[in-house]
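Each remark here refers to the structure printed beneath this line.
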Amino acid sequence: MANRASVSYRLGRTVPIGSYENFKITCEVTLECEEKELELAYEKAREFVTTRVAEEEADLLGKFD
């Protein structure tokens, strides 16, 4: 029986929008995997979170232009 594991990745970003105002974005994902797949799961979690944070930042900044 394979050993089960999980990996989490969280990223937070504070983005200034001017006039001493800013917004905070945080995204976290936890993936369950086999112990031997930890590196792959970590990379998938990191890619998912960084992509989502970047998309959310771009979307929100577009609303303040």
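The values are calculated or read from the model by the stated rules, or taken from the named source; none is laboratory data. As the structure is a prediction and not an experimental result, all values here were calculated from the model. Counting neighbours? That spans all protein chains shown, and the Cβs are built from the backbone with ideal geometry, glycine included.
Here are some notes:
- Complete set of residues in region 1-58 that are of a type in the set (Val, Ile, Thr), free of Cβ contacts under 8 Å to residues at least 40 places away in the same chain and surrounded by 13 or more Cβ atoms within 10 Å (Cβ to Cβ): Val7, Ile25, Val29, Thr50
- Within region 29-45, the set of residues being in contact with a Phe, Trp or Tyr (Cβ under 7 Å, 6 or more places away or on another chain) and not in a helix (DSSP H, G or I) comprises just one member, Val29.
- Among residues of region 10-53, those that are over 27 Å from Phe64 (Cβ atoms) and of a type outside the set (Lys, Arg), counted: 14
- For region 30-49, the criterion of being of a type in the set (Gly, Ala, Ser) and at negative phi is met by at least one residue.
- Only one entry in Phe23, Phe48 is within 18 Å of the chain's Cα centre (by Cα) and not in a strand (DSSP E or B), namely Phe48.
- Within region 51-65, the residues that satisfy the criterion of being out of contact with any Lys or Arg (no Cβ under 8 Å at 6 or more places or on another chain) and part of a helix (DSSP H, G or I) are Thr51, Arg52, Ala54, Glu55, Glu56, Ala58, Asp59, Leu60, Leu61, Gly62.
- Criterion: in contact with a Lys or Arg (Cβ under 8 Å, 6 or more places away or on another chain) and at pLDDT 90 or above - qualifying residue of Glu28, Glu43: Glu28
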